[in-house]
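Quick notes on the structure that follows.
The values are calculated or read from the model by the stated rules, or taken from the named source; none is laboratory data. Treat the numbers as computed from the prediction; the structure is a model and nothing was measured. Cβ atoms come from the backbone with ideal geometry, glycine included; neighbour counts cover every protein chain shown.
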Amino acid sequence: MQEKFTFEYAIIRVVPRVEREEFLNVGVIVFCKRPAFLEMKYMLDEKRILAMYPKTDINDIRQHLNAFEQISKGNKEAGPIALLDHAARFRWLTAKRSTVVQTSAVHPGICSDAEKTVEKLLEQLVVS
């Protein structure tokens, strides 16, 4: 029997016009304390975003998402936040913000394979 681990996740959203509070789910971020795991995956559907607001700056969104990804990986070129431990990076990435890229509330779960959990959540919450 595989060992089970608790994990936390948040949905990553694109909010083209923050004042309207309309959003499109584009990714997920999963944190598991044991084993030390933090991963973010996203899929950017430009057509859907532009349908919400044609003046959306897709390159700006890509830069935000790339920064999220580099911080989650702990890439030192991403700045001082990327040098923090897994838990601190997850908390920073999921902090409330009023920008074009935001996250949902944090949700808990139990898994036996964190990497498969990222893929499953991406499929359920973004792709489908």
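Can you tell me which residues in the range 101-112 are surrounded by fewer than 13 Cβ atoms within 10 Å (Cβ to Cβ) and either of a type in the set (Val, Ile, Thr) or at pLDDT below 95 (or both)? Across the range 101-112, the qualifying residues are 110, 112. Looking across the range 36-45, the residues that are at pLDDT 95 or above and either more than 17 Å from residue 118 (Cβ to Cβ) or part of a strand (DSSP E or B) (or both) come down to 37, 38, 39, 40, 41, 42.
Residue 102 meets the stated requirement of being out of contact with any helix residue (DSSP H, G or I) (no Cβ under 8 Å at 6 or more places or on another chain) and polar (S, T, N, Q).
For residue 16, the conditions (1) at pLDDT 95 or above; (2) touching a helix residue (DSSP H, G or I) at 6+ places or on another chain (Cβ under 9 Å); (3) buried (at least 20 other Cβ atoms within 10 Å of the Cβ); (4) within 24 Å of residue 128 (Cβ to Cβ) all hold with the exception of (1). Exactly one residue out of 4, 33 is within 17 Å of the chain's Cα centre (by Cα), more than 22 Å from residue 63 (Cβ to Cβ) and modelled with pLDDT under 95: that is 33.
Confirm whether residue 122 is touching a residue at least 24 places away in the same chain (Cβ under 8 Å), surrounded by 12 or more Cβ atoms within 10 Å (Cβ to Cβ) and out of contact with any helix residue (DSSP H, G or I) (no Cβ under 7 Å at 6 or more places or on another chain). Yes. Of all the numbered requirements in (1) surrounded by 14 or more Cβ atoms within 10 Å (Cβ to Cβ); (2) farther than 20 Å from residue 20 by Cα; (3) not hydroxyl-bearing (Ser, Thr, Tyr), residue 80 misses one, and that requirement is (1).
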